[in-house]
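Participant: Before we start, here is the structure in question, set down as structure tokens.
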Amino acid sequence: MNRTVIVLAVSLSVTTACTSRNPADAQVIPPDKIMDFSFLYARNCSGCHGPNGTGGAAIGLSDPVYLAIADDATIRRITADGVAGTSMPAFAQCSGGILTDGQIDVIIQGIRIRWAQPDALRGAQAPPYAAHGPGDPKRGVEVYGTYCSSCHGTDGQGSKRASSIVDGSYLALVSDQNLRTNVIVGRREWGAPDWRGDAPGKPMSPEDVSDVVAWLAAQRAPFPGQPYFSAVQTGGGTR
């Protein structure tokens, strides 16, 4: 009889252990079904745009000035398709990325809901996100001297206050639109002001922004990278 009791007790223990397991612990959510903003942002965006959108290698997505000039369609297009020739990859599956359209919608909506501020511009009229036409690089020299040289140096090579803005490696990694966005929005995490704060009491006009971006773009090397000699000299000759 004791043997029967022991067998019954063991059976009940095994049964209880199996039935008490939380079913959720055994569930595996397919990657394309994850629709949590915090998870999606942390895994796909924070490495460049910083935790909580504070910025890093790329502009802070929590910057309310950025969100005031870039609409949802613009942010979605950049997220989905990336920016060719820069470090911004495409995330949409249709463009070779890993995120579904629904997941991208979650990211865009989450950014807007959490970080946008209706009064970000405080009544000011910001230059448009996209240029309406090409800028004038010759006039851009004057604009640079007025608004940028106090931090980036008279020739753009940098100073104690800010780094070089004409560095070949930097210009090779950013698009003209990225330059424009940085000029308008600034970089709060680096102490760089937006278009209103470069020259006290004299905000940049849309033309100023376009012209200084045109000047900066003109400093970009046509074939960036380490130059290599076409011939290697050895011993008694060239090969």
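The values are calculated or read from the model by the stated rules, or taken from the named source; none is laboratory data. Computed from a predicted structure; not experimentally measured. We place every Cβ from the backbone using ideal geometry, glycine too, and count neighbours over all the protein chains shown.
One line per residue, one yes/no per condition, for (1) assigned to a helix (DSSP H, G or I); (2) over 20 Å from T54 (Cβ atoms); (3) of a type in the set (A, V, I, L, M, F, W, C):
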{"position": "L67", "(1), (2), (3)": "yes, no, yes"}
{"position": "R76", "(1), (2), (3)": "yes, yes, no"}
{"position": "T79", "(1), (2), (3)": "yes, no, no"}
{"position": "V83", "(1), (2), (3)": "no, yes, yes"}
{"position": "Q103", "(1), (2), (3)": "yes, yes, no"}
{"position": "I107", "(1), (2), (3)": "yes, no, yes"}
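Participant: Would it be correct to say that I6 is at pLDDT below 95 and either part of a loop (DSSP other than H, G, I, E, B) or of a type in the set (D, E) (or both)?
Facilitator: Taking the combined requirement at face value, the residue does not satisfy it.
Participant: Of these, A172, A214, which one is surrounded by fewer than 15 Cβ atoms within 10 Å (Cβ to Cβ) and either assigned by TED's automatic domain parsing to the domain that holds G85 or over 18 Å from A120 (Cβ atoms) (or both)? Walk me through how you get there before you give the answer.
Facilitator: Numbers: A214 fails: surrounded by fewer than 15 Cβ atoms within 10 Å (Cβ to Cβ).
It is A172.
Participant: If you don't mind, another one. Collect the residues in segment 35-80 that are surrounded by 15 or more Cβ atoms within 10 Å (Cβ to Cβ) and farther than 28 Å from L121 by Cα, keeping them in residue-number order.
Facilitator: Result: L40, N44.
Participant: Can you tell me how many residues in segment 175-200 are closer than 16 Å to P127 by Cα and in a loop (DSSP other than H, G, I, E, B)?
Facilitator: 8
Participant: OK, next. For segment 93-113, name all the residues that are surrounded by 15 or more Cβ atoms within 10 Å (Cβ to Cβ) and out of contact with any Lys or Arg (no Cβ under 8 Å at 6 or more places or on another chain). Walk me through it before giving the result.
Facilitator: First, pick out the residues of segment 93-113 that are surrounded by 15 or more Cβ atoms within 10 Å (Cβ to Cβ): 93, 97, 99-100, 103-108, 110-111.
If the condition is that a residue be surrounded by 15 or more Cβ atoms within 10 Å (Cβ to Cβ) and out of contact with any Lys or Arg (no Cβ under 8 Å at 6 or more places or on another chain), then Q93, G97, L99, T100, Q103, V106, I107, G110, I111 are the ones that fit.
Participant: Here's another thing I want to ask about it. Quick check on this structure: which one of G158, G123, G145, G153 is without any contact (Cβ under 8 Å) to a residue 12 or more places away in the chain, buried (at least 17 other Cβ atoms within 10 Å of the Cβ) and more than 27 Å from P89 (Cβ to Cβ)?
Facilitator: G153
Participant: Mind counting the residues in segment 22-65 that are of a type in the set (A, V, I, L, M, F, W, C) and either outside any helix (DSSP H, G or I) or outside the structural domain of L99 (by TED's automatic domain parsing) (or both)?
Facilitator: Residues that pass the stated criteria total 11.
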